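Here the structure comes first, spelled out in structure tokens, and everything after it is commentary.
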Amino acid sequence: METLSVIDCAIASPSNDCLNRLIQRTRIPFTYHLPAITGNDTYKEDVNAKAIVVFGSHSSANDELPWQREVVSFLLAKLEEGVPVFGLCFGHQLLAKAFGSKIGPSETPPFSHKGIREWKVLREDKRWGFCEGARFNTIVYHKEEIKNLGQDLIHLGSSNECHYDLITHKSLPFLGIQGHPEASYHFVYQEMELKDKISKEDVEKALQDGDIILDSFLESVGFFFDGFRQKYLGEFTQHRREIQDKYFLNNQDRVT
């Protein structure tokens, strides 16, 4: 059975609420891994992973901790095999750094990038389903960001507060976003402590936009849903098959 492999880079408290929201909403078969807490063995054994999503962390990509280096090495190998990877916040920074980007402090005080940010898609990217000019509201919570982009990466999305909000690789199936499209109400109200500080309507819009972003990635790599029930169907449409054949390197396990 093909699965979605979720690598949670939490160093203290697992992001169970974000994981649960993603899986309950999409019903995709998944595996879950906590390398900083339980070690690096489990995700290496997930041979059926159709795609990988890398969650955030309170650690820094510049720490270059042993577990971080091992995750990066694994992800780079998977990308070379053609397995798509979506990096969220820390995951975005971790792989951006591996591809030659510089990661540094945000221009404003630590974690002032905490709340909801609107950003804009700068160019069309059919591989991931983004249209030029589209705008999204995304939950954000970070103190570092990409300062200079590696030469093999493409700048896809930007905001007034963060220049590199969305990036992708020129040839490998990597997508990275500085925000948290996987965020849940618990993440916003409890971990970010924004209850009564931000309107429910704004949070709902940001969560819905996050769902759109995640679903665009998941559909692009071959997970498909019933649009009404948001339930995983596991079948290709002709349009998506053509896109995957064109852009992804891994031609194994194709649905025929």
Next item on the list: Look at residue 72 and say whether it is surrounded by fewer than 16 Cβ atoms within 10 Å (Cβ to Cβ) and free of Cβ contacts under 8 Å to residues at least 40 places away in the same chain.
Entry: no
Next item on the list: Would you please name the residue that is nearest to residue 218 (Cα to Cα), looking only at residues in region 75-89 that are in contact with a His (Cβ under 8 Å, 6 or more places away or on another chain) and crowded, with 24+ Cβ neighbours inside 10 Å?
Entry: 88
Check: Which ones in region 156-213 are buried (at least 20 other Cβ atoms within 10 Å of the Cβ) and part of a helix (DSSP H, G or I)?
Finding: 187, 188, 203, 206, 207, 209, 210, 213
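Given the criteria among the polar types (S, T, N, Q), part of a helix (DSSP H, G or I) and either within 17 Å of the chain's Cα centre (by Cα) or loosely packed, with under 15 Cβ neighbours inside 10 Å (or both), does residue 151 qualify? Before you say what the answer is, go through the steps one by one.
Numbers: among the polar types (S, T, N, Q): yes; part of a helix (DSSP H, G or I): no; either within 17 Å of the chain's Cα centre (by Cα) or loosely packed, with under 15 Cβ neighbours inside 10 Å (or both): yes.
When the stated conditions are applied, residue 151 does not pass them.
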Notebook entry, point to check: Do the conditions hold for residue 181, that is, is it modelled with pLDDT of 95 or more and farther than 18 Å from residue 114 by Cβ?
Noted result: no
Notebook entry, point to check: Applying the selection to region 214-227, what residues are crowded, with 20+ Cβ neighbours inside 10 Å and part of a loop (DSSP other than H, G, I, E, B)?
Noted result: 221, 222, 223
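Filtering region 1-18 down to residues that are buried (at least 21 other Cβ atoms within 10 Å of the Cβ) and not charged (D, E, K, R), which residue is nearest to residue 221 (Cα to Cα)?
Filtering region 1-18 for residues buried (at least 21 other Cβ atoms within 10 Å of the Cβ) gives 4-9, 15, 18.
Going one step further and asking which of them are not charged (D, E, K, R), we end up with 4-7, 9, 15, 18.
Details: 4: 10, 5: 13, 6: 15, 7: 17, 9: 22, 15: 23, 18: 21 Å.
Taking the candidates together, the pick is 4.
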Next item on the list: Could you grab me the full set of residues in region 14-28 that are part of a loop (DSSP other than H, G, I, E, B) and free of Cβ contacts under 8 Å to residues at least 60 places away in the same chain?
Entry: 14
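Does residue 139 fit the bill of being buried (at least 18 other Cβ atoms within 10 Å of the Cβ), in a strand (DSSP E or B) and more than 16 Å from the chain's Cα centre (by Cα)?
Details: buried (at least 18 other Cβ atoms within 10 Å of the Cβ): yes; in a strand (DSSP E or B): yes; more than 16 Å from the chain's Cα centre (by Cα): no.
In short, no.
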Check: Just checking, which of 44, 102 is of a type in the set (Lys, Arg), in contact with a helix residue (DSSP H, G or I) (Cβ under 8 Å, 6 or more places away or on another chain) and surrounded by fewer than 18 Cβ atoms within 10 Å (Cβ to Cβ)?
Finding: 44
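Would you pick out the residues in region 62-83 that are of a type in the set (Phe, Trp, Tyr) and in contact with a strand residue (DSSP E or B) (Cβ under 9 Å, 6 or more places away or on another chain)? Please lay out each step first, then the result.
So in region 62-83, the residues of a type in the set (Phe, Trp, Tyr) come out as 67, 74.
Within region 62-83, 74 is the sole residue that qualifies.
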Check: So residue 112 fits all but one of (1) at pLDDT below 95; (2) within 19 Å of residue 208 (Cβ to Cβ); what number is the exception?
Finding: (2)
Notebook entry, point to check: Looking only at strands (runs of 3 or more DSSP E) that fall completely inside region 34-115, which ones have 3 or more residues that are in contact with a Ser or Thr (Cβ under 7 Å, 6 or more places away or on another chain)?
Noted result: 49-54
Item checked: Lone qualifier among 72, 47 - being farther than 27 Å from residue 224 by Cα and β-branched (Val, Ile, Thr) -> 72
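The values are calculated or read from the model by the stated rules, or taken from the named source; none is laboratory data. From a predicted model like this one, the values you see are computed outputs, not experimental measurements. Methodologically, a virtual Cβ is constructed for each residue, glycine included, from the backbone with ideal geometry; neighbour enumeration extends over all protein chains shown.
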